[in-house]
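Inspection log for the structure reproduced underneath, given as structure tokens.
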Amino acid sequence: MKLYSTNNPSSFVDFKEAVFNSMPQDKGLYMPASIPVLDPEFIENIDQFSLPQIAFKVANHILNGAIPEADLKNIIEKAINFPAPVIQLDEKTYVLELFHGPSLAFKDFGARFMSRVMGYFMETGEKMLNVLVATSGDTGGAVALGFLGVPNTLVTILYPKGKVSAVQELQLTTNGQNIRAIEIDGTFDDCQALVKQAFTDPELNAKFRLTSANSINIARLIPQTFYYFNAYAQLKRQGKTDIVFSVPSGNFGNIGAGLLAWKMGLPVKQFIAATNSNDTVPSFFETGVYTPKPSVATLSNAMDVGNPSNWVRIMNLFKDDTEALKEIVTAYSYDDEQTRDAVNIVYDDFKYVVCPHTAIAWMAIGQYRYDTKDDTSSAVFLATAHPCKFPDMYEGEIKASITIPEQVKELLGKPILTVQLQADFDLFKQYLLEN
């Protein structure tokens, strides 16, 4: 498998280099040199395969020999060892539950696969791997658990002060061992900017072996395609193949993976990018002008991104043809009041509890159906996190109905281990050099 930088399509690296370097020095993002289309026979019979079997088939196809089949199968079996069920709410509406992994968020697919790929490529005696990751909520917990105890790695997680939930903060800050957390006095965009600047700083790169665990790393993006194929397989078993996916969107890695799956041959009628008040992409679809803006804090904190990193990948997939992109992607945004209302409506109608991110994806389905008059497609909205991670979101009967998983109960009472820094690169760089 060969990959190029979105800022330099004529320069190529192999998969291993892209995984470990994560972001090219020219500040682009790595993209596959070619996106191979899966055998139509596999798609036609996909309902006969399990999630691990689908994951192996997809990964093996796109990696194209970068990891031998037996080793790749072993990585997948260890990384993707939890379910991703599609739950039917009504005749044409389904929810894809992606929160059954260790950190209770969809990021487990990418983080667990990536950590094992890195472990596979690491050679005895190599320089310690320093993993830098910015999180708006869920990435950090998934990365922490994905890398916890992995030899010869040190993970540094940056998160915005006061802008992650209490459970999310516990998942970031109570691990110890090779996981450390830094609370940045700023926004997620500030955290992301610090990480990106570190990757292009000559002194840090001379001293450390730096890589990212954010969705800027191609090894995070590839495994997120698995659950789109698997959701299609589950619906195909029910005779449903005319499918719309509604995706909670912040840094746009999740929907970027869906579009990659579509490019690989997954039959999808439409993708809906559902955002909160951080509406950079919906505004772009409306005005034709892409204008990143400072992020604002919302109830759906993992989507509080004003300058989504993966947007450059999506535009690259479509060769900057906005009209072609808009044929397959629709975008909507919602505020906190609408999010709260949606949580209550979904519970009242279906006795189903959605997290605030998932609620936004559910709302977008209704708006898409109204706008397009599409009353035939099966609509799947992605449930990206377990509702227990947002206890302040709920009250009364809804709150009482939420089952707290054992891994969350075990976090309660653990001491929080964190370092506090201003959103200043010189201070962050000094911290890394001294620690």
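Cut-off under 16 Å on the C-alpha distance; same-chain residues fewer than 8 positions from K92 excluded. Which aspartates and glutamates are left, in chain and number order?
D242, D349, D374, D375
So, in nm, how far is label V289 from label E323 when the simple model puts each one 7 Å beyond its Cα toward the Cβ?
Going from the V289 label point to the E323 one covers 2.2 nm.
How large is the dipole of region 292-405 about the Cα centre if only Lys and Arg carry +1 and Asp and Glu carry -1, each at its Cβ, rounded to the nearest 20 debye?
For region 292-405, the charge dipole is close to 360 debye.
Can you return the lysines within cross-link range of K78? Criterion is Cα-Cα under 29 Å, with same-chain partners fewer than 8 residues away left out.
K2, K16, K57, K107, K127, K236, K263, K389, K409, K414
Excluding residues on the same chain fewer than 8 positions from K27, give the lysines whose Cα lies under 16 Å from its Cα.
Correct list for K27: K196.
Would you please give the residues with an amide H less than 5 Å from that of Y352, counting only those at least 5 places away or on a separate chain, with H modeled from the backbone geometry?
Y347
For D426, D304, what's the largest-to-smallest order of accessible area, 1.4 Å probe?
Final ranking, largest accessible area leading: D426, D304.
Taking only protein heavy atoms and a 1.4 Å probe, what accessible area per residue, in Å², does the chain have with all protein chains in place?
38
Taking the simple approach of a point 7 Å from Cα along Cα-to-Cβ for both H61 and D39, what is their distance in nm?
1.0
Which value, in Å³ per residue, describes the convex hull spanned by the Cα atoms of the chain?
135
Per-residue HN-Hα couplings for region 106-112, Karplus 6.51 cos²θ - 1.76 cosθ + 1.60 at θ = phi - 60°, whole Hz, x for Gly and Pro?
4, 5, 4, 4, x, 5, 5
What are the ³J(HN,Hα) values, in whole Hz, obtained from phi via the Karplus relation 6.51 cos²θ - 1.76 cosθ + 1.60 with θ = phi - 60°, for each residue of region 15-25 in sequence order, with x given for Gly and Pro?
Running phi through 6.51 cos²θ - 1.76 cosθ + 1.60 with θ = phi - 60° gives 4, 4, 5, 5, 5, 7, 7, 6, 10, x, 5 Hz.
With point charges of +1 on the Cβ of Lys and Arg and -1 on the Cβ of Asp and Glu, referenced to the Cα centre of region 361-419, which listed residue (A385, Y368, L411) lies farthest in the positive direction of the dipole?
Toward the positive end, the furthest listed residue is L411.
How many percent of Cα pairs in region 272-351 exceed 15 Å?
Tail of the P(r) past 15 Å holds 61 percent of the pairs.
Amide H of L29: which non-local residues (sequence gap of 5 or more, or other chain) have their own amide H closer than 5 Å, using H built in the peptide plane?
Close amide H contacts, sequence-distant or interchain: T6, N7.
How large is the dipole of region 1-143 about the Cα centre if only Lys and Arg carry +1 and Asp and Glu carry -1, each at its Cβ, rounded to the nearest 20 debye?
Value, rounded to 20: 480 debye.
So how exposed is S377, as accessible area in Å² (1.4 Å probe, rounded to 10)?
10
If each of Q88 and I416 carries a label point 7 Å out from its Cα toward its Cβ, how far apart are those two points in nm?
4.4
At a 1.4 Å probe, what is the % contribution of carbon and sulfur to the accessible area of region 88-129?
Using a 1.4 Å probe with all protein chains present, region 88-129 comes out at 49 percent carbon and sulfur.
When the helices in the chain are scored as -39500 (n - 2.57) per DSSP H run of 4 or longer and the sum is shared across all residues, what 222 nm value do you end up with, to the nearest 500 deg cm²/dmol?
Calculated from helices alone, the mean residue ellipticity at 222 nm is -12500 deg cm²/dmol.
The values are calculated or read from the model by the stated rules, or taken from the named source; none is laboratory data. Not measured: the values here are computed from a predicted model. With ideal geometry, Cβ positions are generated from the backbone for all residues, glycine too; neighbour counts draw on all protein chains shown. Please note that ligands, DNA and RNA were not included when accessible areas were found on the heavy atoms of the full protein model with its side chains. Shrake-Rupley method; radii C 1.70, N 1.55, O 1.52, S 1.80 Å.
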